[in-house]
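Trainee: I'd like to ask you about the structure that follows.
All of the numbers you see were taken from the coordinates with simple rules; none came from a lab. As the structure is a prediction and not an experimental result, all values here were calculated from the model. Heads up, the Cβs are rebuilt from the backbone with ideal geometry, glycines too, and the neighbour counts pull from every protein chain shown.
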Amino acid sequence: AQTVTQSQPEMSVQEAETVTLSCTYDTSENNYYLFWYKQPPSRQMILVIRQEAYKQQNATENRFSVNFQKAAKSFSLKISDSQLGDTAMYFCALVGMRFGAGTRLTVKP
Amino acid sequence: DTAVSQTPKYLVTQMGNDKSIKCEQNLGHDTMYWYKQDSKKFLKIMFSYNNKELIINETVPNRFSPKSPDKAHLNLHINSLELGDSAVYFCASSQTGTGMNVRGYTFGSGTRLTVV
């Protein structure tokens, strides 16, 4: 069975600082894909970043990057230079779309 | 143009009624899904459907049924609505495959269903 665990229900960060959101997962697949989705108050689900398990290089998208540790089954999201518009729920997901419970991130001015 | 569109965005209805939520995608994806997001923001998959296979989450009551007139549409019908059905329902689509085709899901903007 696939599981995705986000152990931080809520986090906050000051504007312009860096924050890391944690995610661990379990799967019996050898090749798979991981995703981070953002859900702002508008409730739209927005894909932030994706990682292919067979790639050792961590994915980056502008201010968003991941720390992918395959052996530890860990997939954390780092947001650099946090902006007020980053305030949202963040969901980690495994292909097959098992979602974690989400982390509510608040960026404070 | 909206990639995955759901209608209506808001739906308020009385217990016992039957209602439908429509979903359309113009991405040419071969698989569509319905998710339910509860008040605690937990996302739970209800159905996944492509031309070949309907996969139903066994925890979904049989009052919920997906209807797909063609590969671009997957509507959700709900019979005998209950208070506990109140939630946000998301439609999503994806293209099955490997490698660069696995780009995750594209979601609709959600339908907030309130049963009173």
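Trainee: In the stretch A:39-81, what count of residues is obtained for those that are among the hydrophobic types (A, V, I, L, M, F, W, C), within 11 Å of another protein chain (Cβ to nearest Cβ), in a strand (DSSP E or B) and surrounded by 16 or more Cβ atoms within 10 Å (Cβ to Cβ)?
Mentor: 3
Trainee: A further question on this structure: Just for strands (runs of 3 or more DSSP E) wholly inside the stretch B:24-105: which have at least 1 residues that are touching a residue at least 60 places away in the same chain (Cβ under 8 Å) and within 14 Å of another protein chain (Cβ to nearest Cβ)?
Mentor: Strands (runs of 3 or more DSSP E) meeting the threshold: B:31-37, B:87-94.
Trainee: Among residues belonging to the stretch A:99-109 that are within 11 Å of chain B (Cβ to nearest Cβ) and surrounded by fewer than 21 Cβ atoms within 10 Å (Cβ to Cβ), point out the one that is nearest to A:VAL48 (Cα to Cα).
Mentor: The extreme case among them is A:ARG104.
Trainee: OK, next. For the list (1) more than 14 Å from chain B (Cβ to nearest Cβ); (2) more than 16 Å from A:SER22 (Cα to Cα), I need the number of the one condition that A:GLY96 fails.
Mentor: Going through the list (1) more than 14 Å from chain B (Cβ to nearest Cβ); (2) more than 16 Å from A:SER22 (Cα to Cα), A:GLY96 breaks only (1).
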